[in-house]
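Accompanying notes for the structure given below.
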Amino acid sequence: MPGPPPNKHARRRNSEAWRQLPRAGRCGPPPPFPLTGRRSKALDELWADLWTSPQAVAWEEMGWSRLVGRYAKLLIAAEKSDATAALLGEVRQLEDRLGLSPMAMKRLLWEVADLAAESTDTGQGAEVARMDDYRDRLG
């Protein structure tokens, strides 16, 4: 006998908490560009745009401005017609590390949430829905 059947109402104890990022993104001006060298208007615009994303809140907390700067420079180069496969692969890997795709966000345990609505909560606990009730409604 393999043992008793699993409890369908049990909660996982080894699940990690997801990092919630604000849907509105990061507020304020972008940090100074950390890398030296020639900068273009396209790079400055991309840099400013990256720092308004929800992921930028986490990047700022972790001090990832140099990594984001490297990504921005490589992305500008990768969007040119003569970009190599190696350069495109490096850009994709940095996108994964920076949480810029849905799969990367899942791996980092990041999710975009409407944090403004949660901050106006009345302080009462939220009701937890049971998955079995949800499945029953689906049929």
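The values are calculated or read from the model by the stated rules, or taken from the named source; none is laboratory data. This is a predicted model, so every value here is computed, not measured. Cβ coordinates were reconstructed from backbone atoms using ideal geometry, including for glycine residues, and neighbour counts include every protein chain displayed.
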Review point. Pick from Pro54, Pro31: which is surrounded by 14 or more Cβ atoms within 10 Å (Cβ to Cβ) and either within 14 Å of the chain's Cα centre (by Cα) or at pLDDT below 95 (or both)?
Key: Pro54
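Go over the candidates Arg11, Arg39 one by one and state the one that is surrounded by 13 or more Cβ atoms within 10 Å (Cβ to Cβ), modelled with pLDDT under 95 and over 15 Å from Trp110 (Cβ atoms).
Working: Arg11 fails: surrounded by 13 or more Cβ atoms within 10 Å (Cβ to Cβ).
After applying the criteria, what remains is Arg39.
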Point to revise | Matching residues, segment 59-77, being surrounded by fewer than 18 Cβ atoms within 10 Å (Cβ to Cβ), among the small types (Gly, Ala, Ser) and not in a loop (DSSP other than H, G, I, E, B) | key: Ala77
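Within segment 42-70, count every residue that is aliphatic (A, V, I, L, M) and more than 20 Å from Trp110 (Cβ to Cβ). Steps first, answer last, please.
Step one: filter segment 42-70 for residues aliphatic (A, V, I, L, M), giving 42-43, 46, 48, 50, 56-58, 62, 67-68.
Narrowing further to those that are more than 20 Å from Trp110 (Cβ to Cβ): 42-43, 46, 48.
Matching residues across segment 42-70 total 4.
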Practice item. Go through segment 78-104 and count every residue that is part of a helix (DSSP H, G or I), in contact (Cβ under 8 Å) with a residue 24 or more places away in the chain and of a type in the set (A, V, I, L, M, F, W, C). Key: 1
Study note, to complete from the structure: Quick count over segment 78-101, residues being exposed (fewer than 15 other Cβ atoms within 10 Å of the Cβ) and β-branched (Val, Ile, Thr), is 1
